[in-house]
Amino acid sequence: MAGSAAVLEDGSLISRLDQRLLKAERLLALLSGIAVFSLMMLAVVSVGGRNAVNAPLPGYVDWIEQIMPLIAFMGIAYVQRNGGHIRMDIVIGALRGRAMWLFEMISVVLIFLLIAALVWGSWSHFLRSFDFAAPWWSRDSSIDIGIPIWPAKLLAPVAFAVLGLRLMLQIWGYGRALVLGLDTPVAVPLVQSAAEQAAAEADQLAGHDTNGSGQG
């Protein structure tokens, strides 16, 4: 299941690196959200044009192909940082101490190896599409209106590389917790109990209410 997790912070080097990487992850997640909104707007324009003047947006499917990688890949590192990807919390949650950090570190190492292979493969796929000597630097283009495809292909290795950096930080964090025997390591997602999750959500809602009252 998808876990609900908290990421602790302090003044250590790993925590400072975590915060710097988080800024990039939030920016990529924001771009993903903007892409979702732009896809909705394209649908409105295309459907509205078809109904109003019998002229849908030219290359609508081509634009969808360009936008989909933004939606699919840009937020994965941010979700990984917050422990939001699908995982077996029932199994991990039954462990305690160094045993838990060991299994967490092993799982993240395996994910990192997969992502490293995906970075290599997606970068090679991008290079097959990109050519400085070709028009628009592209060896291939979309079928309908001829949009260069290499920008969309570049998004995958970029997003996977950021995720790889996040995974390296988490390997460091879990390894540090394993060696030092920490109970609450920083820069890694800590699984919350149902009571802790409810308390965190209540605090968040209380903060929104306070801000709303202050503005009123």
Residues Leu113, Leu118, Leu163: which one is assigned to a helix (DSSP H, G or I), modelled with pLDDT of 95 or more and under 20 Å from Leu22 (Cβ atoms)? Leu163
Of the residues Leu39, Leu27, Leu17, which single one is more than 23 Å from Leu165 (Cα to Cα), within 20 Å of the chain's Cα centre (by Cα) and not basic (Lys, Arg)? Leu39
If I filter region 80-102 down to residues being free of Cβ contacts under 8 Å to residues at least 40 places away in the same chain and open to solvent by less than 70 Å² (accessible area, probe 1.4 Å), which single residue comes out as nearest to Tyr174 (Cα to Cα)? Met100
Which residue pairs have Cβ atoms under 6 Å apart, sit 6 or more places apart or on different chains, and have a first residue in region 171-191 that is on the phi > 0 side of the Ramachandran plot and buried (at least 18 other Cβ atoms within 10 Å of the Cβ) and a second that is at pLDDT 90 or above and not aromatic (Phe, Trp, Tyr)? Ala187/Ile14; Ala187/Ser15; Ala187/Asp18; Ala187/Leu169; Ala187/Gly173
Hey, His125 hits all of (1) under 29 Å from Gly11 (Cα atoms); (2) free of Cβ contacts under 8 Å to residues at least 40 places away in the same chain but one; which does it fall short on? (1)
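The values are calculated or read from the model by the stated rules, or taken from the named source; none is laboratory data. These numbers were taken from a predicted model, which means no experiment stands behind them. Backbone-built Cβ (ideal geometry, glycine too); neighbour counts: all protein chains shown. Only protein heavy atoms, including side chains, enter the accessible area calculation; ligands, DNA and RNA are left aside. Shrake-Rupley method; radii C 1.70, N 1.55, O 1.52, S 1.80 Å.
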